[in-house]
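In what follows, a single structure is set out as structure tokens and then discussed.
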Amino acid sequence: MKERYSRQTLFAPVGDGGQLKIMKKHVLLLGAGALGSANAEALTRAGVGKLTIVDRDYVETSNLQRQQMYTERDVAEKLPKAEAAKRHLLGINHEVEVNAIIMDATAQNLEQLLGDVDLILDATDNFETRMIINDLSQKLHIPWIYGACVGSVGMTLTILPGQTPCLHCLLKAIPIQGMTCDTGGIISPAVTMVVAHQTAEALKILVEDWESVRPALVSFDLWRNQYQTVKLTKAKKKDCLSCGEQRTYPFLTVENVTKTAVLCGRDTVQVRPPKPLELQLEKLAKDLDGSGYLVKFNPFLLSCEKAGERIVIFKDGRALIHGTKDMVHAKAAYQSILG
Amino acid sequence: MKERYSRQTLFAPVGDGGQLKIMKKHVLLLGAGALGSANAEALTRAGVGKLTIVDRDYVETSNLQRQQMYTERDVAEKLPKAEAAKRHLLGINHEVEVNAIIMDATAQNLEQLLGDVDLILDATDNFETRMIINDLSQKLHIPWIYGACVGSVGMTLTILPGQTPCLHCLLKAIPIQGMTCDTGGIISPAVTMVVAHQTAEALKILVEDWESVRPALVSFDLWRNQYQTVKLTKAKKKDCLSCGEQRTYPFLTVENVTKTAVLCGRDTVQVRPPKPLELQLEKLAKDLDGSGYLVKFNPFLLSCEKAGERIVIFKDGRALIHGTKDMVHAKAAYQSILG
Amino acid sequence: MINVLLFAQLKDELGKETVSIEGNEMSVAQLKAKMKMDFQLEGLETVMTAVNEEFADDDTILSDGDTVAFIPPVSGG
Amino acid sequence: MINVLLFAQLKDELGKETVSIEGNEMSVAQLKAKMKMDFQLEGLETVMTAVNEEFADDDTILSDGDTVAFIPPVSGG
């Protein structure tokens with residue numbers, strides 16, 4: 001086996017046989033932000049055969065504090081993250097085939113990419129996309145690894161279709177008004193800690209050491225010195241619509257998708273959640289105020305402004321993103337606030 | 001506060017005040033290997049004022065599997081790790097003053113570097129150097145963060161002089177014949193997980209949030225799904241020679257140092273441990289054999305060979321490193337086998 | 001007594017990590033309601049719940065000596 | 001009974017993570033000697049020991065119901 005991977009093949013659960021498997025596998029990584037860039041670097045160094053990176057965003061100054069690989073030059077060039085990642089990865093390990101796809105992932109365009117994929121790594125920043133991954137994972141029988149972080153907190157879970165509970169078993173509905181990195185901030189070790197777990201789980205799956213896959217949800221808080229694993233022995237639901245006996249893959253249907261539309265003749269995009277929400281505007285105002293937004297609200301709507309961009313959010317979750325006609329950007333801005 | 005650090009200052013325990021503190025602090029990072037490169041990247045992205053990196057090694061192909069930042073080009077140029085790290089860090093955050101020092105750390109040359117240092121980060125690969133750090137930390141009253149990893153296993157501990165127990169309280173003697181990355185292998189998530197803990201602890205210390213510093217040793221195994229914290233309430237020893245009432249800082253004296261000498265007229269370096277050891281040659285032979293070494297041994301000595309380099313180790317720990325006149329390289333080769 | 005463990009921001013909202021609650025034969029949902037009432041804890045509707053380190057539903061019945069952890073789901077990345 | 005938890009490579013050497021040992025009033029040193037004798041576990045001289053998640057010395061005396069974790073020190077990096 002190659003000198004490059006000698007310390008990895010020395011690790012007995014990988015070995016030469018495991019390394020050969022890793023080098024034949026195809027991983028799809030959804031997101032090239034904090035979790036994504038670090039996961040991409042780890043898998044490329046480990047020598048995965050093919051890595052497909054999907055991301056809709058470009059590199060900005062405020063990313064540099066926690067997003068691996070990216071440089072000030074990437075910011076100056078306003079490179080899309082998937083492309084910037086690909087360029088760095090090529091310099092790290094030219095043997096890995098890296099496929100950079102700049103797009104806003106939907107159930108439809110994602111499914112087309114999953115043909116020969118062995119593992120989906122979650123590096124997204126919202127539950128809507130995770131539920132799409134979760135349904136596709138069940139439908140196409142591809143394992144996926146949930147990972148998320150905010151502040152000093154993180155969470156991760158490995159989902160093996162047909163074996164473990166799925167994310168939909170654990171979350172009856174998509175949680176709304178959780179903290180996001182744009183409202184609660186984030187420190188890099190929270191990212192790194194999630195990535196450590198995701199990479200370890202990914203390697204187990206790639207070398208097909210199924211017995212070692214962690215049968216529990218991991219939750220931690222590095223600032224408050226907390227670490228908890230939650231076993232999922234009884235969590236699988238027979239009537240789960242994503243993985244149960246009467247499954248319908250609800251998140252693959254158009255109804256369950258956030259809608260965006262450019263408002264006619266205005267520099268504004270309207271964003272509408274799949275189902276009407278019942279937002280607590282006062283709490284949201286408090287969170288946003290603490291995050292440097294200029295906030296005004298009344299019982300019906302909230303208006304917030306930062307860096308020249310103004311967003312108006314109605315109590316039912318509908319929002320107007322002012323100052324843009326870019327629907328992808330508007331959806332991202334919306335999800336950066338509401339998660 | 002700057003856009004660059006906006007997500008970090010949004011995290012309340014850092015805030016604008018914490019960020020200003022981080023930007024005034026000086027961290028000395030000992031080692032620029034797996035733990036070192038990742039720690040260096042994290043602290044540079046976080047905006048630490050000054051970072052001094054000390055390392056004796058250069059970038060090799062077998063490092064790329066787990067050592068962040070380094071590229072195939074660094075390998076081709078045979079760049080010293082400290083210098084390669086500095087070049088990458090400059091592209092990531094030009095505001096951080098990075099000081100790259102290529103040297104084999106000893107008690108004497110390290111002490112000279114610690115004048116205005118606020119925190120020492122351990123990214124070494126052997127207990128001998130850690131015990132030197134530990135004594136210097138106590139003598140000069142500088143916090144340090146122990147970190148170590150091998151295979152899928154890792155360990156970390158924050159040591160605050162005058163407050164917590166020190167590493168010498170926990171280890172009566174330097175453990176010998178532990179697994180090293182050259183004998184047990186290593187996967188990158190074990191590195192990343194240690195770094196996540198070290199960076200979180202470093203940020204707490206840099207923003208002076210002393211109450212949040214973790215009062216426990218962390219030990220984990222990502223493949224075997226283990227995580228354990230060990231509280232140290234009763235571990236501080238009054239008679240500890242490093243931090244106790246009658247302290248002598250034993251590891252700062254010349255007797256307690258591994259000695260190297262080029263054998264006259266031969267392409268061979270002799271390495272001698274501070275005190276005679278009692279090696280179990282049979283166990284060592286087994287470990288090395290499993291690690292791709294060609295091994296022969298008898299009750300008195302063991303000879304092992306890999307990649308054209310031959311090392312003879314006597315039962316008392318004395319060793320001959322053949323094929324080199326470089327004492328630093330010889331000591332590194334010795335410690336890569338015996339830890 | 002039920003031993004309740006608060007994670008992440010819930011720990012800060014309560015001001016401490018653990019609290020003991022009288023409440024044998026209570027369901028998780030009832031415990032959440034009580035925690036909301038007694039300590040003004042927000043967002044318990046969407047938290048994940050572990051009982052003795054095992055994932056649990058809202059209708060899980062708690063027994064004396066159980067340890068319940070409330071863990072807010074995380075969405076960032 | 002003393003509940004013994006084996007970490008990292010010790011878990012593989014024993015073939016399982018935990019084992020119960022008869023031995024009230026035993027010291028940690030005595031437990032180590034017994035583990036070495038009964039299971040041929042190597043390297044216990046240099047492991048770190050935790051008793052009920054608290055760092056402990058070789059002369060710590062164990063009581064019925066204690067959980068002892070043996071954690072090999074790690075030197076790589």
> Between residues in the stretch B:58-69 that are more than 8 Å from every other protein chain (Cβ to nearest Cβ) and residues that are among the aromatic types (Phe, Trp, Tyr) and surrounded by 24 or more Cβ atoms within 10 Å (Cβ to Cβ), which pairs lie under 7 Å by C-beta distance while being six or more apart or on different chains?
Replying inline: B:59/B:70; B:63/B:70
>> I'm trying to understand the selection: among the residues of the stretch B:205-218, which are assigned to a helix (DSSP H, G or I) and either under 25 Å from residue D:5 (Cα atoms) or within 7 Å of another protein chain (Cβ to nearest Cβ) (or both)?
In response: B:212
> Could you say which residue among B:181, B:149 is modelled with pLDDT under 95 and in contact with a Gly (Cβ under 6 Å, 6 or more places away or on another chain)?
Replying inline: B:181
> Does residue B:50 fit the bill of being surrounded by fewer than 24 Cβ atoms within 10 Å (Cβ to Cβ), at positive phi and either away from every other protein chain (no Cβ under 13 Å) or touching a helix residue (DSSP H, G or I) at 6+ places or on another chain (Cβ under 6 Å) (or both)?
Replying inline: no
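Could you tell me whether any residue of the stretch B:120-140 is more than 30 Å from residue B:273 (Cα to Cα) and crowded, with 21+ Cβ neighbours inside 10 Å?
Taking every residue of the stretch B:120-140 in turn, none turns out to be more than 30 Å from residue B:273 (Cα to Cα) and crowded, with 21+ Cβ neighbours inside 10 Å.
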> For chain C, list the strands (runs of 3 or more DSSP E) that sit wholly inside it and hold at least 1 residues that are away from chain A (no Cβ under 12 Å); which are they?
Replying inline: C:2-6, C:18-21
> For the stretch B:81-113, which residues satisfy the criterion of being surrounded by fewer than 18 Cβ atoms within 10 Å (Cβ to Cβ) and either in contact with a Cys (Cβ under 9 Å, 6 or more places away or on another chain) or away from every other protein chain (no Cβ under 13 Å) (or both)?
Replying inline: B:97, B:99, B:102, B:103, B:104, B:106, B:108, B:109, B:111, B:112
> Among all residue pairs at least 6 apart or on different chains, which show Cβ distances below 9 Å where the first residue, located in the stretch A:1-29, is within 14 Å of chain B (Cβ to nearest Cβ) and surrounded by 18 or more Cβ atoms within 10 Å (Cβ to Cβ) and the second is in a helix (DSSP H, G or I) and of a type in the set (Phe, Trp, Tyr)?
Replying inline: A:14/A:5; A:19/A:5; A:22/A:5; A:23/A:5
> Picking from B:158, B:192, B:199, which residue would you name as being in a strand (DSSP E or B), under 17 Å from the mean Cα position of the chain (by Cα) and under 17 Å from residue A:187 (Cβ atoms)?
Replying inline: B:158
>> Looking at C:14, C:31, C:6, C:41 in this structure, which one is surrounded by 16 or more Cβ atoms within 10 Å (Cβ to Cβ) and farther than 24 Å from residue A:225 by Cβ?
In response: C:31
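Conditions (1) under 13 Å from residue D:21 (Cβ atoms); (2) not polar (S, T, N, Q), marked per residue:
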| residue | (1), (2) |
| --- | --- |
| D:53 | no, yes |
| D:59 | no, yes |
| D:67 | yes, no |
| D:71 | no, yes |
| D:75 | no, no |
> Among the residues of the stretch A:148-166, which ones are crowded, with 24+ Cβ neighbours inside 10 Å and within 12 Å of chain C (Cβ to nearest Cβ)?
Replying inline: A:148, A:149, A:150, A:151, A:152, A:153, A:154, A:155, A:156, A:157
> Residues that are over 18 Å from residue B:192 (Cβ atoms) and either at pLDDT below 95 or among the small types (Gly, Ala, Ser) (or both): which helices (runs of 4 or more DSSP H) entirely in the stretch B:1-113 hold 3 or more of them?
Replying inline: B:6-10, B:15-22, B:81-92, B:107-111
> Given A:248, A:268, A:324, which one is assigned by TED's automatic domain parsing to the domain that holds residue A:170 and β-branched (Val, Ile, Thr)?
Replying inline: A:248
>> Which of the numbered conditions does residue B:133 fail, given that it passes all the others? Conditions: (1) more than 13 Å from the chain's Cα centre (by Cα); (2) within 14 Å of chain D (Cβ to nearest Cβ); (3) more than 27 Å from residue A:37 (Cβ to Cβ); (4) not in a loop (DSSP other than H, G, I, E, B).
In response: (1)
>> So if I check each of B:199, B:253, which one is farther than 19 Å from residue D:47 by Cβ and surrounded by fewer than 19 Cβ atoms within 10 Å (Cβ to Cβ)?
In response: B:253
> For the stretch A:167-181, which residues satisfy the criterion of being in contact with a Cys (Cβ under 9 Å, 6 or more places away or on another chain) and either more than 10 Å from chain C (Cβ to nearest Cβ) or not in a helix (DSSP H, G or I) (or both)?
Replying inline: A:168
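Residue under question is residue B:204, and the condition is that it be under 30 Å from residue A:198 (Cβ atoms) and buried (at least 16 other Cβ atoms within 10 Å of the Cβ); does it hold?
So residue B:204 fits the description; yes.
Report, by residue number, each residue of the stretch B:219-258 that is of a type outside the set (D, E, K, R), outside any loop (DSSP other than H, G, I, E, B) and away from every other protein chain (no Cβ under 14 Å).
Initially, the stretch B:219-258 is screened for residues of a type outside the set (D, E, K, R), giving B:219-220, B:222-223, B:225-230, B:232-233, B:235, B:240-244, B:246, B:248-254, B:256-258.
From the residues that got through so far, the ones that are outside any loop (DSSP other than H, G, I, E, B) too are B:219-220, B:226-230, B:250-252, B:254, B:256.
Once the filter is applied, which keeps residues that are of a type outside the set (D, E, K, R), outside any loop (DSSP other than H, G, I, E, B) and away from every other protein chain (no Cβ under 14 Å), the stretch B:219-258 yields B:250, B:251, B:252, B:254, B:256.
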>> Residues that are of a type in the set (D, E, K, R), at least 2 per element: which strands (runs of 3 or more DSSP E) completely within the stretch A:261-339 meet that?
In response: A:301-306, A:309-314
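The values are calculated or read from the model by the stated rules, or taken from the named source; none is laboratory data. Remember, predicted model here, so these are calculated numbers, not experimental data. Positions of Cβ are backbone-derived with ideal geometry, glycine not excepted, and every protein chain shown enters the neighbour counts.
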